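Student: Pasting in a structure now, in structure tokens, and then I'll have a few things to ask.
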Amino acid sequence: MLIEQQYIDFFLNSTRDVVGIETIEISHPSISKTYYFVANIQAGETLKLEDGKSQFFEFLPVQFTHEADNNTLDYQLSVQLGDAGTILPEEIEKLLKAEGWRIKPKVTKRDYRSDSLAMIKIIKTECHGVTTKDEGSVMSCGAPRLNNIRRGQIQTTERFPTLEQFR
């Protein structure tokens, strides 16, 4: 069954005892490992990724805040990790020493059903910034920014004479 159909079935056809399992994956070439966290199972859980491989997700209190509609390029996701400032600050330090923020960390949010452990939703974003507080770290994530250089063509009347009428 397609992930979109499973997502619809989860909300419209599941019983009350079926809950959503929220997970997050944080990866970057310069950090020590790829982190897999589950937000609402304290013992952790082994779940299947989209490529079919099984992966253990360790428990970490995580709070997700969706800032905009996820069907647009303006989509923003705020991820608050309850790591008490222990995990991400060290990894961010490694990242800054390696090459800075030229390569953005990849942040993937996956939702699963608690009854069948089937994936029902996946959102792939990149991290645009991290704020560290005493109670944890907050990651600001969003759609990849593809046009940061802005090397488009300059619209001049010499190159495009038909623009002369708009002066």
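Read-outs: derived from the displayed coordinates by stated rules, not from any lab. Bear in mind the structure is a predicted one, so any value in this text is a computation, not a measurement. Reconstructed Cβ throughout: ideal geometry from the backbone, glycine too, with neighbour counts over all protein chains shown.
Student: Got a number for residues in the range 12-50 being acidic (D, E), buried (at least 17 other Cβ atoms within 10 Å of the Cβ) and either touching a His at 6+ places or on another chain (Cβ under 6 Å) or more than 15 Å from V107 (Cα to Cα) (or both)?
Tutor: Total meeting the criteria: 1.
Student: On to the next question. For the range 90-125, what are the residues that are more than 26 Å from I41 (Cβ to Cβ) and touching a Cys at 6+ places or on another chain (Cβ under 7 Å)? Please lay out each step first, then the result.
Tutor: First, pick out the residues of the range 90-125 that are more than 26 Å from I41 (Cβ to Cβ): 92-104.
The one that is more than 26 Å from I41 (Cβ to Cβ) and touching a Cys at 6+ places or on another chain (Cβ under 7 Å): K104.
Student: Hey, can you tell me all the residues within the range 16-37 that are of a type outside the set (D, E, K, R), assigned to a loop (DSSP other than H, G, I, E, B) and closer than 24 Å to K97 by Cβ? Working first, answer last.
Tutor: So the first thing to find is which residues in the range 16-37 are of a type outside the set (D, E, K, R), and the list is 18-21, 23-24, 26-32, 34-37.
From what's left, assigned to a loop (DSSP other than H, G, I, E, B): 18-19, 28-32, 34.
Scanning the range 16-37 gives H28, P29, S30, I31, S32, T34.
Student: Could you please give the count of residues in the range 105-134 that are in contact (Cβ under 8 Å) with a residue 60 or more places away in the chain, farther than 15 Å from Q63 by Cα and of a type outside the set (S, T, Y)? Quick ask: steps written out before the conclusion?
Tutor: Step one: list which residues in the range 105-134 are in contact (Cβ under 8 Å) with a residue 60 or more places away in the chain, which gives 105-115, 117-122, 127.
When the remaining residues are screened for being farther than 15 Å from Q63 by Cα, the result is 105-106, 112-115, 117-122, 127.
This time we only want the ones that are of a type outside the set (S, T, Y), so: 105-106, 113, 115, 117-122, 127.
Here the count works out to 11.
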